[in-house]
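What follows is one structure encoded as C-alpha cells, with my remarks underneath.
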Amino acid sequence: MTTVPPPQDPQNPQPQQAPNAPLIMHGQYIKDLSFENPRAPQSLIEQTQPQLALNVQVTNRQFDAKTFEVALSIEATAKTPKDEPLFVLELVYAGTVTLGEVPQDAFGPLLFIETPRLLFPFARAIVANATREAGFPPLNIAPVDFVALYRQQLEANAGKVPGVAGGPVGHA
C-alpha cells in the first residue's frame, strides 16, 4: 500500500523535508577551482603515464548554533616519470547545512562523514570534467572513506570536532 502526499497549495509551496531531519542541505557550490596545465601542449603530445598525488580534506565553519558550511577540498597533482608537472588541480566544493534536533555528539559524524558523502559525487564530477576539458583523460576519484578521515581528524584534535563550538564529543 502506498500513501500519496496531500496536494500542495500552488500559491504557497512548501519544501518537502522531514520535520525532524538530522541534516538539511541548503545549497552546494564551487568555492574555489584552480587548474594549472603548465606544460601544455607538450604534456598532451607525450601521453606518458603520470604519477598522481591526491589529497582530500574536510573542514567546516559554523555560522550559528546549528548551521555550518562544510567544505570538501580536493588537490590532485600529476607529474611525469621525470618529475615534471603535468597538471595541478585544486577544488574546494562546499555546502551549507543545518543540523536538526540531534545530540552534540552527532555533530561530528553529520558534518565530517554524512555531509561530505553528499558533496563528494558532485565534486568528483567537477574533477573529472576539469581534467577532461584540459585535454587529459578524466580523473575519476575512487570513493573516499570519510569515516577513517573523520577518525584521523579527531585524533589530531585530541577528540574535539574541529570547527564546532562546545566541548569534546564522543568518537564515532
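The values are calculated or read from the model by the stated rules, or taken from the named source; none is laboratory data. As the structure is a computational prediction, the values presented were derived from the model and not from experiment. Positions of Cβ are generated from backbone atoms using ideal geometry, with glycine treated the same way; all protein chains shown enter the neighbour counts. Please note that ligands, DNA and RNA were not included when accessible areas were found on the heavy atoms of the full protein model with its side chains. Shrake-Rupley method; radii C 1.70, N 1.55, O 1.52, S 1.80 Å.
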Worksheet entry | Any chance Leu91 is closer than 23 Å to Glu133 by Cα, surrounded by fewer than 16 Cβ atoms within 10 Å (Cβ to Cβ), modelled with pLDDT of 95 or more and in contact with a Leu (Cβ under 9 Å, 6 or more places away or on another chain) | no
Discussion item. Can you tell me which residue is farthest from Val97 (Cα to Cα) among those in the range 114-172 that are modelled with pLDDT of 80 or more, aliphatic (A, V, I, L, M) and assigned to a loop (DSSP other than H, G, I, E, B)?
Written reply: Ala134
Worksheet, complete the sentence: If you go through Leu99, Leu86, the only one that is in contact with a helix residue (DSSP H, G or I) (Cβ under 9 Å, 6 or more places away or on another chain), farther than 30 Å from Asp64 by Cβ, buried (at least 17 other Cβ atoms within 10 Å of the Cβ) and at pLDDT below 95 is Leu86
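Give the residue, chosen from Ala40, Ala78, that is open to solvent by less than 70 Å² (accessible area, probe 1.4 Å) and assigned to a loop (DSSP other than H, G, I, E, B).
Result: Ala40 is the single residue among Ala40, Ala78 that is open to solvent by less than 70 Å² (accessible area, probe 1.4 Å) and assigned to a loop (DSSP other than H, G, I, E, B).
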Worksheet entry | Single condition Leu52 does not satisfy, out of (1) closer than 30 Å to Lys160 by Cβ; (2) not basic (Lys, Arg); (3) not in a loop (DSSP other than H, G, I, E, B) | (1)
Worksheet entry | Long-range neighbours under 7 Å by Cβ, at least six apart or interchain, first residue closer than 19 Å to Ala142 by Cβ within the range 75-92, second of a type in the set (Phe, Trp, Tyr) and assigned to a loop (DSSP other than H, G, I, E, B) | Phe87/Phe136
Worksheet item: Quick one: how many residues across the range 102-120 are open to solvent by less than 10 Å² (accessible area, probe 1.4 Å) and among the small types (Gly, Ala, Ser)?
Response: 1
Fill in: Leading residue by the ranking (nearest to the chain's Cα centre (by Cα)) among those in the range 43-76 that are among the polar types (S, T, N, Q) and under 24 Å from Ala94 (Cα atoms)
Ser73
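On the given criteria, is Asp32 acidic (Asp, Glu), at pLDDT below 95 and open to solvent by 30 Å² or more (accessible area, probe 1.4 Å)?
Considered against the rule, which asks whether it is acidic (Asp, Glu), at pLDDT below 95 and open to solvent by 30 Å² or more (accessible area, probe 1.4 Å), Asp32 comes out as no.
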Item to complete: Would you tally the residues in the range 1-29 being over 26 Å from Leu91 (Cα atoms), surrounded by fewer than 10 Cβ atoms within 10 Å (Cβ to Cβ) and either modelled with pLDDT of 75 or more or of a type in the set (A, V, I, L, M, F, W, C) (or both)?
Response: 3
